[in-house]
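Structure first, then comments.
The values are calculated or read from the model by the stated rules, or taken from the named source; none is laboratory data. Being a predicted model, the structure only gives us computed values, none of them experimental. Counting neighbours? That spans all protein chains shown, and the Cβs are built from the backbone with ideal geometry, glycine included. The protein model used for the area step is the full one, side chains on, heavy atoms only, and it has no ligands, DNA or RNA in it. Shrake-Rupley method; radii C 1.70, N 1.55, O 1.52, S 1.80 Å.
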Amino acid sequence: MEHYKALIVDDEPDIRELLEMTLGRMGIDTVSAADLGEAFGRLRDERFDLCLTDMRLPDGNGIELVCHIQERHPELPVAVITAFGSMETAIAALKAGAFDFVSKPVDLTVLRGLVEKALKLSSRAAGRRPPAEQRLLGESPAILRVRDLIAKLARSQAPVYISGESGTGKELVARLIHENGPRADMPFVPVNCGAIPSELMESEFFGHRKGSFTGALTDKPGLFQAAHGGTLFLDEAADLPMHMQVKLLRAIQEKAVRPIGAQKEVKIDVRILSATHKDLGELVQRNAFRQDLYYRINVIELHVPSLREHPEDIPLLAESILRRLVGQWSRETPRLDPAASRALSGYPFPGNVRELENILERAMTLCEENVIRAEDLYLPQPSGDTGAATTGGEPLPEYLGELEREAILQALEETHWNRTAAARKLGITFRALRYRLKKLGIE
């Protein structure tokens, strides 16, 4: 069993004793310091797995200690103890690099949960987690920066706002933050805020009790309860209606939810990650999104670059996508000829990686001799508009789908609907044609 040691920094002997007793019962050795100077000395001379510090110290404040640890001992998680209701101070500590915070009077159950998560971040445990580069592909400076931020943010419990265009992989980034952090063994619950009807939102997020409204035949836990101990990912958070923004802010601040029809609140322990392709700051200025909720979920922002910002990664991404697609089709990986590679690298990809996947899946269906040529990509002519791609007023995915449908129907008609002969004419396997027929709804 691993043996841990914690540094406790507080100038009040009673608080130090309470923390020492609590951690001691968890089998953790403790060393105490009454001020910043003593804490700096302890950190210089000894190795610790966790640091707990009060915000107000005789010779400075806890944020100074957080910054010192970030600079000289970045592998050491540090949590701050803040005054009751001092949310601005807590957020400042999280921005400085604190792992988490706990408010006075200290709830020992909350403290023990915080300590358990922090200890999972010790360098002895971190090496067992899969590196982000296995999932977030790319070697460009833009992607390397994102991977570096994922590694740092995984070591924190701060709320993270993930910004970026549609199709850039914001949910993948959220999953990597979760999977590389101390909550990795607990649930990751993604929710598309724009896909839940407004009248059902409160029940979906907070749950309900049996008989609380017509149709409530059983007790139902909400998304917060489902994510307890883990991470709740709010995708397209900009689509939350105002009445839910108020309720969501309270749930995040109080760390508790009240199911519809319940008399008491239920304590919840979740990390909030959120994302949207819209400009939340602009929505706040237009009073379309609550400023207080914006500051609560946007403690730290991580921007996921568009594919236009790292085109040098397109060949690596294309190769990976093709390998994954052929695994579904049981065929050899097709080869991109040089002209096709150049065409992909020069295309602006308004739909980002998701659009690249759609284009390659279509090209695999239509290419001959297992070689994807530039003409198999059916890339729209650039119009100078980096917004949603359209061709003749029709959105790109629908346009490409129609081209694919026409090519398949023409081959079927020319072969009198002999699917084996049509597949041969299209240069794909019978199994691939059957897959495309099913996907396009062609009987």
Worksheet item: Which one of Val266, Val189 is closer than 23 Å to Ala90 by Cβ, open to solvent by less than 60 Å² (accessible area, probe 1.4 Å), touching a strand residue (DSSP E or B) at 6+ places or on another chain (Cβ under 6 Å) and not acidic (Asp, Glu)?
Response: Val266
Worksheet entry | Candidates Ala275, Ala238, filtered to the one that is within 22 Å of Pro190 (Cβ to Cβ) and assigned to a helix (DSSP H, G or I) | Ala238
Discussion item. Being out of contact with any Asp or Glu (no Cβ under 8 Å at 6 or more places or on another chain) and farther than 29 Å from Ala151 by Cβ narrows it down to one residue among Pro58, Pro13, Pro74; which is it?
Written reply: Pro13
Worksheet entry | Single unsatisfied condition, Cys67 versus (1) farther than 23 Å from Tyr161 by Cα; (2) open to solvent by 30 Å² or more (accessible area, probe 1.4 Å); (3) out of contact with any Pro (no Cβ under 6 Å at 6 or more places or on another chain); (4) at pLDDT 90 or above | (1)
Item to complete: With the condition kept exactly as written, say whether any residue in the range 153-171 is more than 30 Å from Lys5 (Cα to Cα) and either at pLDDT below 90 or more than 16 Å from the chain's Cα centre (by Cα) (or both).
Response: no
Practice prompt. Quickly run through the range 403-442 and pick out the residues that are open to solvent by 80 Å² or more (accessible area, probe 1.4 Å) and out of contact with any helix residue (DSSP H, G or I) (no Cβ under 8 Å at 6 or more places or on another chain).
Written response: Glu406, Gln410, Glu413, His416, Trp417, Arg424, Lys438, Lys439
Worksheet item: With Ala6, Ala33, Ala39 as the choices, which residue is touching a residue at least 24 places away in the same chain (Cβ under 8 Å) and either touching a Lys or Arg at 6+ places or on another chain (Cβ under 6 Å) or not hydrophobic (A, V, I, L, M, F, W, C) (or both)?
Response: Ala33
Fill in: Leu52 within 17 Å of Ser156 (Cα to Cα), at pLDDT 95 or above, open to solvent by less than 10 Å² (accessible area, probe 1.4 Å) and in a helix (DSSP H, G or I)
no
Worksheet entry | Hits in the range 205-234 (condition: under 21 Å from Val246 (Cβ atoms), at pLDDT 95 or above and assigned to a strand (DSSP E or B)) | Leu232, Phe233, Leu234
Fill in: Residues of the range 280-309 that turn out to be surrounded by 19 or more Cβ atoms within 10 Å (Cβ to Cβ) and either in contact with a His (Cβ under 6 Å, 6 or more places away or on another chain) or over 30 Å from Ile91 (Cβ atoms) (or both), as a count
1
Item to complete: Sort out which residues of the range 1-53 are within 13 Å of Ala118 (Cβ to Cβ) and small (Gly, Ala, Ser), and write them in order of number.
Response: Ala6
Worksheet item: Scanning the range 317-333 for residues that are modelled with pLDDT of 90 or more and open to solvent by less than 70 Å² (accessible area, probe 1.4 Å), which turns out nearest to Ser306 (Cα to Cα)?
Response: Leu317
